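Participant: I am attaching a structure below and will ask some questions about it afterwards.
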Amino acid sequence: MPFLSVYNNLIQGHVMMRQTRFDTHKRSELKEIYQRIRRMNVDQPFYKVDFDDDTQKYTLGVKDRALELTSSLKELSTDDDSNVFKQKAVISTRPDDVEAETTDGFNREDFDELEINVLKLSEAQTNSGRMLSTGDVNLQPGQYGFTVGIEDNYFAFQFNVSEGSSNRELQTKLSDFINKTKIGLSARVVAERGMSRIDLAMKARGTQNADGVAFRFEDTKRPDNAFFGIVEHFGLNHITQKASNTQFTVNGTEIVTAGREYVLNNGLKLNFLDTTPKDDPAIVKLVVDDRPVVDKIVGFAEKYNSFIDFVKGGFAKIKASGKLLYEMGSTIDRYKDVLSENGINPGDDGRLVIDTGRMTEAIRDGRLEKVFGSDSPVTLGLMKRFSDVTINPMDYIDKKIITYPNTSVKQPYSPYVTSVYSGLMYNNYC
């Protein structure tokens with residue numbers, strides 16, 4: 001059967017894998033692949049293969065998945081600026097106290113490590129009104145006037161009291177009224193044991209006032225015929241917590257802000273969650289961004305597991321598949337200790353299990369970048385294994401040996417003569 005016919009027979013119905021930039025090769029790389037196939041074919045025996053549907057799917061699937069693993073590993077080990085380990089992120093050494101994130105104006109090149117001490121967190125003012133008997137009717141019916149001062153702003157209101165309204169009814173009505181005004185206050189009625197009160201809170205933390213009073217109520221006779229005393233009756237000015245501002249230092253320089261977040265001039269946004277110990281400040285620094293690295297390694301592990309599952313699933317009758325599983329497993333086992341230390345755990349079933357917590361630690365202290373360096377033993381060992389499978393997937397199928405070549409006779413071999421066996425040259429793959 002001509003080779004093209006064999007190629008067309010194998011490729012029918014086969015879905016090609018997604019191409020990546022690592023599937024294009026330099027002239028020197030293609031030459032190396034050419035020489036590998038040539039050297040291999042010198043000693044390659046002639047054999048007979050029963051290319052039934054399962055064998056075709058298995059052979060092409062093994063090659064495809066080995067190519068995917070090679071591309072995925074190259075994405076982790078490439079030496080150019082696209083390397084995922086080159087992506088940096090800002091972190092805080094005390095994320096439970098201080099969170100750090102970048103804004104659009106942040107320049108990573110000019111960033112220096114910062115020492116953040118959080119001395120005090122901002123708080124919102126809260127008031128608790130007088131406890132009143134819920135069923136009593138104490139206020140004279142009519143119109144009442146009062147003002148609310150929010151920082152430097154003042155708002156005047158009128159409140160109507162209907163004939164026979166109980167304290168609880170008026171508290172509910174007044175709370176609803178305050179909430180609807182949208183002046184930055186929230187109100188609610190708290191009831192217990194036949195008594196009730198109005199609790200008030202400033203929605204925003206901090207204050208501009210040195211006395212810590214962010215809001216206050218005042219009874220007014222507006223209009224002139226309005227009744228007086230609704231603020232006093234409900235005890236709306238009883239402060240239970242004064243407003244306070246966040247105080248923190250950046251490399252020793254103190255800064256005060258009303259809220260619990262602050263954007264520095266360099267475009268770094270700080271979120272304050274708690275105060276820091278005096279002798280253990282939060283250090284904000286640039287490290288390798290662990291999120292894309294974890295995503296890439298999880299993707300690599302998923303491809304590897306897919307490879308193992310593919311070989312195991314539905315191809316048990318291909319006895320030589322056991323050889324492939326053994327060789328893949330022995331390669332992973334060779335680096336088992338270093339992989340496990342960095343959150344990549346080889347399982348008993350031959351699959352990889354990711355420990356993201358341990359992996360994140362390994363990323364941030366620089367260990368994982370060394371494991372997947374272009375010249376690291378792990379990268380070189382795995383790349384060699386994947387390349388062997390890619391070059392000669394036919395080594396892992398059942399076949400009958402017909403004859404071995406006479407290697408004592410020197411003769412030129414074309415690497416494409418037996419590539420249906422050794423190279424499986426199709427489309428733009430090697």
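Participant: Express in whole angstrom the spacing between the alpha-carbon centres of segment 170-212 and segment 248-271.
Facilitator: Answer, in whole Å: 30.
Participant: Using 0.36 nm per residue, how much length does the chain from L264 to T240 gain when fully extended, once their Cα-Cα distance is taken away?
Facilitator: Here the segment from L264 to T240 would lengthen by 5.4 nm.
Participant: Now, a different point. Given the pairs K312/K336; K86/K278; K242/K285; K74/K400; K120/K203; K63/K399, which span a C-alpha to C-alpha distance of over 28 angstrom in this model?
Facilitator: Check vs 28 Å cut-off fails for K86/K278; K242/K285; K74/K400.
Participant: Running Debye on segment 28-187 with equal point scatterers at the Cα sites and no solvent, what base-10 log of I(q)/I(0) appears at q = 0.14 Å⁻¹?
Facilitator: The Cα Debye sum returns log10 ratios of -0.99.
Participant: Need the list of lysines near K173 for cross-linking: C-alpha distance under 18 angstrom, and skip anything on the same chain fewer than eight residues off.
Facilitator: K182
Participant: Please state, rounded to one decimal and in Å, the Kirkwood hydrodynamic radius that segment 126-241 gives when every pair of distinct Cα atoms enters the mean of 1/r.
Facilitator: 14.5
The numbers here are math on the coordinates, done by the rules we state, and not lab data. Quick caveat, the model's predicted, so the values are computed rather than measured.
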